[in-house]
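Q: What follows is a structure written as structure tokens; I'll ask about it next.
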Amino acid sequence: AGIEFGLDAPYAVEYHDRIASTNERARELASDGADGVAVVADEQTGSRGRLDREWVAPSGGVWLSLAVRPDAPPARAPLFTLAAAVATADACREAGVDAHIKWPNDVLVGESESGDDGEGDGDADPGGRGGRKVAGILTEMEGEADRISWIVPGIGVNANVDAEALPAGATSLCEELGEPVDRRRFAATLIERFAALAGTADRMDRILPAWRERASTLGRRVRVDTPNGPVTGTAVDVEPPGALVIETDEGVRRVHAGDCEHLRD
Ligand code: BT5
């Protein structure tokens with residue numbers, strides 16, 4: 001249970017050395033009625049990113065899915081993803097890695113905060129590699145008309161994973177730090193932060209401000225590939241429940257889903 005895992009949060013923890021996908025397992029638990037369970041694995045053999053992309057999940061990661069049955073309307077679902085991103089960024093920072101969030105749900109290192117990199121002097125990115133992805137989030141849910149029945153934020157963190165095992169553009173916490181992190185403590189921090197933000201409806205007002213503070217997307221030139229085509233402009237804000245507001249040459253656009261690329265000016 002959560003307490004044994006060193007958690008000061010009302011989450012039970014189910015740990016697996018190896019599993020196909022923690023999201024699959026958490027979905028099973030959540031649809032059977034579980035509320036407040038974290039499924040954590042060392043290695044995944046069949047994990048997925050968004051849009052059914054492959055997610056590389058060798059031994060040494062923090063592969064973690066939360067089974068939650070919140071009392072919230074389906075329109076609020078994106079907030080749970082943003083809360084998971086905030087919690088992940090905070091756990092990375094507590095481990096000593098300066099992480100930022102790229103809309104909607106990537107956690108990157110090696111990027112400055114909003115706007116800092118907008119002058120084109122390149123200082124924030126001496127290696128020229130841009131942000132390196134240390135974590136990603138895939139949220140799955142089932143909703144009724146007026147209420148979420150269950151929601152599963154699935155969080156993949158390259159904790160103690162050899163960077164060579166990862167795709168190009170990815171990094172791990174141990175690669176950044178030069179030594180392994182305490183994965184149990186990392187997971188406990190992450191779950192606690194998530195529970196603090198998303199645990200009750202009134203606290204959910206704090207998610208967007210917390211997300212804005214940790215984002216590297218705001219103030220930047222971006223290109224978002226949406227299901228309706230690309231949108232290019234300056235990202236100026238994130239609005240409830242998680243839309244990115246982009247100022248384009250043709251006016252302000254709000255995008256709700258897609259892959260975001262930070263552009264160099
Ligand atoms: C994501 O998708 O970033 C969401 C990843 C969610 C994984 C977690 S692990 C626990 C839970 N169980 C699961 O089965 N899934 C969740 P997306 O934004 O679509 O990014 C996917 C892309 O990231 C891939 O196409 C690769 O290019 C890249 N990628 C794959 N594995 C990676 C890794 N370990 N680290 C960084 N990038 C990776």
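The values are calculated or read from the model by the stated rules, or taken from the named source; none is laboratory data. Computed from a predicted model, the values in this text were never measured in an experiment. Counting neighbours? That spans all protein chains shown, and the Cβs are built from the backbone with ideal geometry, glycine included.
Q: For a quick check of your reading of the model, give me the residue pairs whose first member lies in region 44-57 and is within 20 Å of ASP17 (Cα to Cα), whose second is more than 6 Å from the ligand (Cβ to nearest atom) and in a helix (DSSP H, G or I), with beta-carbon atoms closer than 8 Å and at least 6 apart or on different chains.
A: These pairs meet every condition: GLY46/GLU24; VAL56/ALA165.
Q: Can we say PHE186 is farther than 17 Å from LEU82 by Cα, in a helix (DSSP H, G or I) and either more than 18 Å from the chain's Cα centre (by Cα) or not charged (D, E, K, R) (or both)?
A: Spelling it out, PHE186 is indeed farther than 17 Å from LEU82 by Cα, in a helix (DSSP H, G or I) and either more than 18 Å from the chain's Cα centre (by Cα) or not charged (D, E, K, R) (or both).
Quick grid of which residues meet (1) closer than 11 Å to LEU82 by Cβ; (2) surrounded by 23 or more Cβ atoms within 10 Å (Cβ to Cβ); (3) hydroxyl-bearing (Ser, Thr, Tyr); (4) free of Cβ contacts under 8 Å to residues at least 24 places away in the same chain:
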{"site": "LEU190", "(1), (2), (3), (4)": "no, yes, no, no"}
{"site": "PHE194", "(1), (2), (3), (4)": "yes, yes, no, no"}
{"site": "SER216", "(1), (2), (3), (4)": "no, yes, yes, no"}
{"site": "ARG221", "(1), (2), (3), (4)": "no, no, no, no"}
{"site": "THR226", "(1), (2), (3), (4)": "no, no, yes, no"}
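Q: For the list (1) within 23 Å of GLU144 (Cα to Cα); (2) within 9 Å of the ligand (Cβ to nearest atom), I need the number of the one condition that SER21 fails.
A: Just one mismatch for SER21, condition (1).
Q: Still on this structure, please answer the following. For region 163-180, which residues satisfy the criterion of being surrounded by fewer than 19 Cβ atoms within 10 Å (Cβ to Cβ) and more than 11 Å from the ligand (Cβ to nearest atom)?
A: Within region 163-180, GLU164, LEU177, GLY178, GLU179, PRO180 meet the criteria.
Q: Can you find a residue that is in contact with a strand residue (DSSP E or B) (Cβ under 9 Å, 6 or more places away or on another chain), away from the ligand (no atom under 16 Å from the Cβ) and at pLDDT 55 or above anywhere in region 139-146?
A: Yes, region 139-146 contains at least one residue that is in contact with a strand residue (DSSP E or B) (Cβ under 9 Å, 6 or more places away or on another chain), away from the ligand (no atom under 16 Å from the Cβ) and at pLDDT 55 or above.
Q: Tally the residues that are near the ligand (Cβ under 9 Å from one of its atoms) and in a loop (DSSP other than H, G, I, E, B), restricting the search to region 36-78.
A: Selection size over region 36-78: 9.
Q: Being away from the ligand (no atom under 12 Å from the Cβ) and of a type in the set (A, V, I, L, M) is the filter here; which residues of region 147-162 pass it?
A: If the condition is that a residue be away from the ligand (no atom under 12 Å from the Cβ) and of a type in the set (A, V, I, L, M), then ILE148, ILE151 are the ones that fit.
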